[in-house]
Structures are given as C-alpha cells and as structure tokens.
Amino acid sequence: MCADTPGTRVPRLDPPPEDRWDDTPRAVAAATGPLNVFTTLARHPELFQSEGEQ
C-alpha cells in the first residue's frame, strides 16, 4: 500500500528492471519520465496496445 505523504510513496508492485522492458515502455518512459504507473505496466506489454492492435 502506498504511503500518503508526498515523496514517500512506495509502489505496491515494483516495476521490472529497465533491461527487461521492450521498446514501448522505453518510449513511454522517455516521453513521460519513469512514472511507476507506466513502468509497472512493462510487466504486461499487451496492456500498452490499443484495441485495434490486439
């Protein structure tokens, strides 16, 4: 569970290490910064696809 104090938030599920990311999470992190919401989704690459790509 995440702490409520800004700057001390700990993710419930850690993102995988960058060496396990494919091109999509790398591109998203380059555009947005390494936000946990996106880097954690690197565990499930199919979640980065749009409905038309599935």
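The values are calculated or read from the model by the stated rules, or taken from the named source; none is laboratory data. Keep in mind the model is a prediction, meaning the values are calculated, not measured. We place every Cβ from the backbone using ideal geometry, glycine too, and count neighbours over all the protein chains shown.
Looking at region 28-43 only, could you name the residues that are under 15 Å from Leu13 (Cβ atoms) and part of a helix (DSSP H, G or I)?
Asn36, Val37, Phe38, Thr39, Thr40, Leu41, Ala42, Arg43
Say we look at region 1-39 and pick out the residues that are of a type in the set (Lys, Arg) and modelled with pLDDT under 85; which of these is nearest to the chain's Cα centre (by Cα)? Give the steps one after another, and end with the answer.
We begin by selecting, within region 1-39, every residue of a type in the set (Lys, Arg); these are 9, 12, 20, 26.
If we keep only those that are modelled with pLDDT under 85 too, we end up with 9, 12.
On the way: Arg9: 15, Arg12: 12 Å.
Within region 1-39, the match that is nearest to the chain's Cα centre (by Cα) is Arg12.
Just need a number here: residues in region 40-51 that are of a type in the set (Gly, Ala, Ser) and either in contact with a strand residue (DSSP E or B) (Cβ under 8 Å, 6 or more places away or on another chain) or at pLDDT 80 or above (or both). I'd like the intermediate steps shown before the answer.
Looking only at region 40-51, we keep the residues that are of a type in the set (Gly, Ala, Ser), and these are 42, 50.
In the following step, the residues that additionally are either in contact with a strand residue (DSSP E or B) (Cβ under 8 Å, 6 or more places away or on another chain) or at pLDDT 80 or above (or both) were identified as 42.
So the answer is 1.
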